[in-house]
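One structure is given here, and the rest of the page talks about it.
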Amino acid sequence: MTLWPGHLKNGDFQDGFAGWTVCPADRDTLMVRHIDFFAGKWQGRQYSSRYKGVPQSVRPGNDFALFTCSDRGPNVLRQKIVGLKPGRVYQLTFAISDLATVEKGLKEPVRRKAKPVNIPYLRVSVPGAEEIPELRHVFDDLGKYGKRCVFPNRVVFRAKSSEAEAVFCDWTADGRPGVRAGQGTTLNYIGVSQYYHKDEVQLEKLRKLTQEAKDMVRD
């Protein structure tokens with residue numbers, strides 16, 4: 001799992017909320033947390049040779065934003081995306097998990113046995129850009145790393161100008177909590193990179209392939 005930091009900074013929250021605009025619903029409902037081995041044991045991250053000798057507990061990915069859902073209002077986290085080229089297609093990638101499932105799974109000898117306690121939820125939008133909704137996808141079939149426990153997401157958009165914004169919210173678009181009050185959703189591994197495709201014809205094929213993936217029946 002590799003971050004693409006060129007267009008958006010601090011996507012693993014190693015510097016707390018630096019670079020982010022934080023709008024919590026209540027006190028302590030949106031904060032940065034750290035769990036040792038979160039990235040390695042839970043998300044299954046692999047590291048380059050330059051991290052040899054660096055303890056797992058201090059490697060990137062063990063910090064995350066924690067959204068604790070409140071019935072008093074939404075928690076909202078946002079950051080400006082910069083350096084875009086108008087007309088070019090990009091992808092916003094990130095990973096979410098349910099905190100209770102994480103804590104349960106980290107205590108088990110074989111993490112993949114941990115079944116999700118609750119399904120995590122975050123609503124994501126990219127104001128200032130044109131989203132391509134057919135290419136939005138949740139990779140929810142990660143048996144190798146703990147099936148239906150880590151949820152990498154991809155949101156694909158076409159830039160309208162040199163800037164847009166990434167917005168994460170734990171309430172639905174119609175103004176309701178996305179999960180029950182008190183449920184915690186983790187967020188990290190946030191990056192923006194170019195979405196590679198040869199031309200518009202190939203982009204249309206990718207739309208169809210993504211839809212086929214969404215329609216697949218999973219065990």
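The values are calculated or read from the model by the stated rules, or taken from the named source; none is laboratory data. Computed from a prediction, not measured in an experiment: that's the story for all the values here. Counting neighbours? That spans all protein chains shown, and the Cβs are built from the backbone with ideal geometry, glycine included. Please note that ligands, DNA and RNA were not included when accessible areas were found on the heavy atoms of the full protein model with its side chains. Shrake-Rupley method; radii C 1.70, N 1.55, O 1.52, S 1.80 Å.
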In debye to the nearest 20, the charge dipole size for the chain, taken about the Cα centre with +1 at each Lys and Arg Cβ and -1 at each Asp and Glu Cβ, equals 640
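Using the beta-carbon distance between LYS52 and ALA18 and R0 = 30 Å, what value does 1/(1 + (r/R0)^6) give for FRET efficiency, to the nearest 0.05? Intermediate values should be presented prior to the final figure.
Numbers: r = 27 Å, r/R0 = 0.91.
Given R0 = 30 Å and the Cβ-Cβ separation, E is 0.65.
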Calculate, for segment 1-96, the solvent-accessible area per residue in square angstrom, rolling a 1.4 angstrom probe over the heavy atoms of the protein chains.
-> 50
Can you run phi through the Karplus equation (6.51, -1.76, 1.60; θ = phi - 60°) for segment 168-180 and list ³J(HN,Hα) in whole Hz, with x for Gly and Pro?
-> 10, 9, 9, 10, 6, 5, 8, x, 10, x, x, 9, 5
Can you list the aspartates and glutamates whose alpha carbon sits under 17 Å from that of LYS80, skipping same-chain ones fewer than 8 residues off?
-> ASP12, ASP15, GLU130, GLU131, GLU163, GLU165
P(r) of the chain over all Cα-Cα pairs, 10 Å bins starting at 0, rounded to whole percent, reads 8, 32, 38, 20, 3
With the charge dipole of the chain built from beta-carbon charges (+1 for Lys and Arg, -1 for Asp and Glu) about the Cα centre, the Cα from PHE157, VAL167, HIS137 projecting farthest to the positive end belongs to HIS137
In deg cm²/dmol, rounded to the nearest 500, the helical mean residue ellipticity at 222 nm of the chain, built from -39500 (n - 2.57) for every DSSP H run of length 4 or more, is -3500 deg cm²/dmol
Given backbone amide H placed at 1.01 Å from N, residues whose amide H is under 5 Å from that of ALA129, ignoring those fewer than 5 places away on the same chain, are GLU165
